[in-house]
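Data block below; observations after.
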Ligand SMILES: *Cc1c(COP(=O)(O)O)cnc(C)c1O
């Protein structure tokens with residue numbers, strides 16, 4: 001079976017973990033600092049603060065940005081639940097807006113329509129590794145005096161007009177979960193151009209302390225350990241090669257798949273293919289997934305239930321493109337461990353199942 005995702009853990013990661021364990025210092029320390037410095041290469045000019053998950057990165061970022069009870073933040077519903085969750089955890093209200101159909105990211109027109117007097121910000125998700133339409137979202141945010149908070153959990157190294165995601169908003173949040181484009185085991189990174197915000201995230205992750213036992217604000221323990229940072233540092237050095245491999249795999253799939261809608265890329269965008277997501281228009285998606293699995297090709301559906309319809313939210317709002325995407329998408333393997341014969345098998349299987357009318 002070709003797996004839908006396959007984290008790559010090599011000798012470098014194993015050596016790095018051992019080095020930290022043998023140092024006897026395993027909590028947040030020098031490895032975390034070094035990881036933060038090195039991660040800044042990925043988001044030019046940003047200050048980076050490591051935390052224990054992508055969810056924490058969003059959550060701490062929002063609190064540091066001053067988002068609080070009574071505020072509304074516009075988010076997509078077609079994303080992982082952590083996006084909306086982080087807004088709710090900050091005490092604010094996530095307002096779910098529809099996506100545009102090509103890139104599955106927030107539709108600027110829908111965002112504009114969702115603004116109320118309580119709206120303080122917009123949280124686009126660079127879904128599947130394709131940047132959201134930051135040009136239009138920035139125009140709207142500036143015209144209405146709103147902030148932008150980027151959920152870049154799936155988009156390490158993605159670019160729009162040559163600018164890296166994570167550097168467009170008040171802050172960006174990356175996930176380092178094992179299935180993401182790079183991992184630290186569990187982990188997250190806040191990126192920001194605002195030193196005050198960075199300092200507040202540093203306080204929030206550590207019980208509000210900069211100086212020990214002189215807590216300045218009420219905070220959390222969302223620190224990253226040096227063990228995890230060491231894994232992340234080793235992965236970061238391999239990310240560019242892995243991204244190039246994902247892009248080459250996607251190109252092969254683009255050129256050879258038949259009978260399905262392959263993912264378009266905006267002219268000014270660099271897609272990093274966290275997922276390679278096709279649409280099965282009018283097809284029987286679940287049957288398609290089952291038949292692919294029978295042929296030994298793993299796939300995933302991200303996400304079958306829009307966030308606003310989850311039992312945790314159950315919000316009554318009509319989001320037609322979100323509903324259509326949730327019914328039609330399938331993500332095929334695109335990860336860097338695929339071999340040429342894996343790619344050929346994926347193409348053969350998808351084309352066979354798609355033309356059989358599944
Ligand atoms: C993975 C993910 C998150 C959360 O990251 P964790 O590290 O799992 O907490 C948030 N948003 C999106 C879009 C994600 O894919």
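Which value at 222 nm does the chain reach when only helices count, each DSSP H run of 4 or more adding -39,500 (n - 2.57), with the total divided by all residues and rounded to the nearest 500 deg cm²/dmol? Present the calculation step by step, with values, prior to reporting the outcome.
Values: 12 runs with 135 residues, N = 358.
Mean residue ellipticity, 222 nm, calculated: -11500 deg cm²/dmol.
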Express as a percent, rounded to the nearest 5, the fraction of DSSP beta bridges in region 11-236 (both residues included) that run antiparallel. 50
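Taking 0.36 nm per intervening residue step and subtracting the Cα-Cα distance, what contour gain separates residue 161 from residue 281 on full extension?
On the way: separation 120, 0.36 × 120 = 43.20 nm, distance 3.04 nm.
That works out to 40.2 nm of additional length.
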FRET efficiency for residue 340 and residue 305, using Cβ-Cβ distance with R0 set to 51 Å, rounded to 0.05: 0.90
What is the distance, in nm, between label points placed 7 Å from the Cα along the Cα-to-Cβ direction at residue 116 and at residue 8? 4.7
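May I ask you to derive the FRET efficiency for residue 44 and residue 294 from their Cβ-Cβ distance with R0 = 30 Å, giving the value to the nearest 0.05?
The formula returns an efficiency of 0.05 here.
Would you mind calculating the gained length between residue 238 and residue 352 on full extension (0.36 nm times residue separation, minus the Cα-Cα distance), in nm to one decimal? Let's see the in-between values first.
Working: separation 114, 0.36 × 114 = 41.04 nm, distance 3.45 nm.
Contour length minus Cα-Cα distance gives 37.6 nm.
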For region 178-215 and region 45-76, distance of Cα centres in Å: 10
If you stretched the chain out fully between residue 33 and residue 324, how much longer would it get, using 0.36 nm times the residue separation minus the C-alpha to C-alpha distance? 100.4 nm
Burial-style ranking of 71-79, 159-167, average other-beta-carbon count within 10 Å with highest first, yields 71-79, 159-167
Cα centroid separation, region 234-298 to region 127-153 (Å): 24
Those residues of region 295-319 whose amide nitrogen sits under 12 Å from the label point placed on residue 179, 7 Å along Cα→Cβ: 299-304
With contacts defined as alpha carbon pairs under 8 Å and 6 or more residues apart, what's the relative contact order of region 239-355 in percent? 39
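Before anything else, pin down the relative contact order of the chain: Cα pairs under 8 Å, at least 6 apart, normalised by residue count, whole percent.
On the way: 787 pairs, mean separation 79.5, N = 358.
Here the relative contact order equals 22 percent.
Bear in mind these aren't lab numbers, they're just calculated from the coordinates by the rules spelled out. Note that the coordinates shown come from a computational prediction; the quantities given were computed from them, not determined experimentally. Here the Cβ is made from the backbone with ideal geometry for all residues, glycine too, and neighbour counts use every protein chain on show.
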